[in-house]
Every structure is written in C-alpha cells, then in structure tokens.
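Nothing in this text is a laboratory measurement; each read-out follows from the coordinates by a stated rule. If you're wondering where the values come from, they're calculated on a predicted model, not measured in any experiment. Ideal geometry is used to build each Cβ from the backbone, glycine not excepted, and the neighbour counts take in all protein chains shown.
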Amino acid sequence: MKTKFVKETDRKGTYIIEGSFDGTFFNIKRFICQVQEQETEKETQELADFILSKLNS
C-alpha cells in the first residue's frame, strides 16, 4: 500500500492526514496538521491544496 496525504474538512476545520488506501478502507497512519483558517473558506482550501501538493510531490 502506498502512503498518501489527504485533506479532510469538517465543521471545525481542515486537516491534512497521512494514510494508505487498501481498496476498501483508508487507514490513517498519523495526523499531520490542522490548516489555519484564512480570511475566506476558498483561501483556506487553496492553502490546504498547496500543502498537499508539496507533501505528495
């Protein structure tokens, strides 16, 4: 299984999580960070996407 970083958003915030996908389940290995809220939700998601792009490269 290949390690992958994913972005998860809930009502409390946006998080970056490391884990692996076995075809059925995403197995969480560790919590990486909570993305700091920006002025808009769009900016927060763009920051999270930027972090993901750096981690997955």
Checking Asp22, Asp10 in turn, the sole residue that is over 13 Å from the mean Cα position of the chain (by Cα) and loosely packed, with under 13 Cβ neighbours inside 10 Å turns out to be Asp22
When restricted to Phe50, Phe5, Phe26, Phe21, the only residue free of Cβ contacts under 8 Å to residues at least 60 places away in the same chain, among the aromatic types (Phe, Trp, Tyr) and touching a helix residue (DSSP H, G or I) at 6+ places or on another chain (Cβ under 6 Å) is Phe5
Within segment 1-33, residues in contact with a Ser or Thr (Cβ under 7 Å, 6 or more places away or on another chain) and of a type in the set (S, T, N, Q) come out as Thr3, Thr14, Ser20, Asn27
Checked Phe25, Phe5 against criteria (more than 21 Å from Ser57 (Cβ to Cβ) and among the aromatic types (Phe, Trp, Tyr)); the one match is Phe25
If we keep only residues of segment 28-40 that are polar (S, T, N, Q) and surrounded by fewer than 12 Cβ atoms within 10 Å (Cβ to Cβ), then the residue farthest from Ile51 (Cα to Cα) is Thr40
